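Asker: Take a look at this one; I'll ask things after.
What follows is calculated from the coordinates using simple rules that are stated; it is not laboratory data. Because the structure is a prediction, the values reported are computed rather than measured. Glycine also receives a Cβ, built like all others from the backbone with ideal geometry; neighbour counts cover every protein chain displayed.
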Ligand code: 26A
């Protein structure tokens, strides 16, 4: 591995500050939240954030799914390997995010919105479940113009791998498509995370528009199920969905697609297309790294951490088996921390 990076990896999504507290059934009911879910906030959810801070001893933690993944990749790779892009407000929440990414050695190229505050994600922990309710605010104001600014586009051009959180499909599809085209036309690697069940469910068209460009697509079992439902795959199993994703038509025929589906404590399922036209994908399963129940702090960010470890392996040119192992390793470290965080001092893979 090189000793310093060249910002090979560029990540795009929604920078958010997590307001995370241990809640209860009553809190979930009050705001109509499911125990384990991720949703966009409506007007009825706006008091949740103060409620968490006032009544549930909530903590402010750097979040935003792909920003967590970006910190995770940088945790593993040499300094100056990862740059992250998204939109924040001009406020103290953005300062907290900047301090967190500075400590993680992550370079950010934020767009600063003049009007909207930095986005917030209310995270209600109950047992090993987490319910997330996001008020995107400034994160919803990302613009293609920012990506196309000469100084920012230069960063895009020098990157060789792109990681886009599917959550950004609710925000700025043109920016995602610009990265898709850049990857396909120059044979760079494009990775998409499905992010949450509501993305394949309510943002199906936007998701499908990006599908031909996926070299890797990463999701979990709930997202696979939602994808199957919105794409009329009937009662497809997780491996059926993985195979379906791997075999979808591809813009860049030089790289066979890989679909990776995590299943919490169940094995990680990986489908690899046999050729550029999909062919019949091969399936492999990888058991997760076991962890004692009492070592789990909370599972918020476990999926982002998995993606972080996996993508670090991809950027570093590791074999697929090693990439999966790196993902499972980082997820195991992250669930022992509060929120989507990684242990310091750093542990080495
Ligand atoms: C558009 N939405 C809903 C979101 C998010 C999100 N990140 C980006 N966009 N909703 C929740 N998150 C983040 O997911 C992480 C855990 O996987 C939270 O900020 C949290 O850090």
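Asker: Cα atoms only, segment 11-135: Rg and Dmax in Å?
Answerer: When restricted to Cα atoms, segment 11-135 yields Rg and Dmax of 14.9, 45 Å.
Asker: Now for a different question. Given the peptides 150-156, 201-207, arrange them by the average over their residues of other C-beta atoms within 10 Å, most packed first. Mind showing how you got there, number by number?
Answerer: Details: 150-156: 13.0, 201-207: 16.4.
The peptides rank, most packed first, as 201-207, 150-156.
Asker: Let me know the Kirkwood hydrodynamic radius for segment 195-288, please, with Cα pairs as the basis and the value in Å to one decimal. Don't skip to the end; give the middle numbers.
Answerer: Working: mean 1/r = 0.0767 Å⁻¹.
Here the Kirkwood hydrodynamic radius works out to 13.0 Å.
Asker: Let me ask something else about it. According to the square roots a ≥ b ≥ c of the eigenvalues of the Cα gyration tensor, what is the shape class of segment 71-226, taking rounded for a/c under 1.5, prolate for a/b larger than b/c otherwise, and oblate for the remainder? Walk me through the numbers before you get to the answer.
Answerer: Values: a/c = 1.34, a/b = 1.02, b/c = 1.31.
In terms of gyration-tensor shape, rounded.
Asker: Along each of the three principal axes of the Cα atoms of segment 203-349, give the extent in whole Å, ordering the values from largest to smallest.
Answerer: Largest first, segment 203-349 extends 44, 32, 26 Å along its Cα principal axes.
Asker: When the C-alpha atoms of the chain are aligned to their principal axes, what extent does each axis show, in angstrom, from largest down?
Answerer: 55, 47, 40
Asker: Take 226, 235 and order them by how many other Cβ atoms sit within 10 Å, fewest up front. Could you put the intermediate results ahead of the total?
Answerer: Working: 226 21, 235 8.
The fewest-first ordering by Cβ neighbours comes to 235, 226.
Asker: Semi-axes of the equivalent ellipsoid for segment 173-247, please: Cα gyration tensor eigenvalues, times 5, square-rooted, ordered largest first, whole Å.
Answerer: On the way: eigenvalues 100, 35, 18 Å².
For segment 173-247, the semi-axes come out at 22, 13, 9 Å.
Asker: Report the Cα centroid-to-centroid distance between segment 50-81 and segment 234-255 in angstrom, as an integer.
Answerer: For segment 50-81 versus segment 234-255, the Cα centre distance is 31 Å.
Asker: Give me the percent relative contact order of segment 239-349, please, defined on Cα pairs under 8 angstrom at least 6 residues apart.
Answerer: With pairs under 8 Å counted, the relative contact order is 20 percent.
Asker: In percent, how large is the relative contact order of segment 289-349, given Cα pairs closer than 8 Å and 6 or more residues apart?
Answerer: On the way: 86 pairs, mean separation 25.0, N = 61.
Once normalised by length, the contact order is 41 percent.
Asker: Something else now. If packing is taken as the average count of other Cβ atoms within 10 Å, what order do 247-253, 128-134, 66-72 fall into, highest mean first? Spell out each step's value before the answer.
Answerer: Numbers: 247-253: 16.7, 128-134: 21.3, 66-72: 30.7.
The packing order, highest mean first, is 66-72, 128-134, 247-253.
Asker: Checking the a/c ratio against 1.5 first, then a/b against b/c, what shape does the Cα gyration tensor give for segment 288-328?
Answerer: Numbers: a/c = 4.30, a/b = 1.99, b/c = 2.17.
It comes out oblate by the Cα gyration axes.
Asker: Sticking with this structure for a sec: Once you keep just the Cα pairs under 8 angstrom separated by 6 or more residues, what percentage relative contact order results for the chain?
Answerer: Details: 802 pairs, mean separation 57.6, N = 349.
RCO, the chain: 17 percent.
Asker: How big is the shadow of the Cα convex hull of segment 105-174, averaged over all directions, in nm²? Write down the numbers at each step before the final one.
Answerer: Details: hull surface 26.5 nm².
For the Cα atoms of segment 105-174, the hull's average projected area reads 6.6 nm².
Asker: Taking 7 Å along the Cα-to-C-beta vector as the label spot, tell me the residue 284-residue 3 distance in nanometres, rounded to one decimal.
Answerer: Each label point is offset 7 Å from its Cα along the Cβ direction, giving 3.3 nm.
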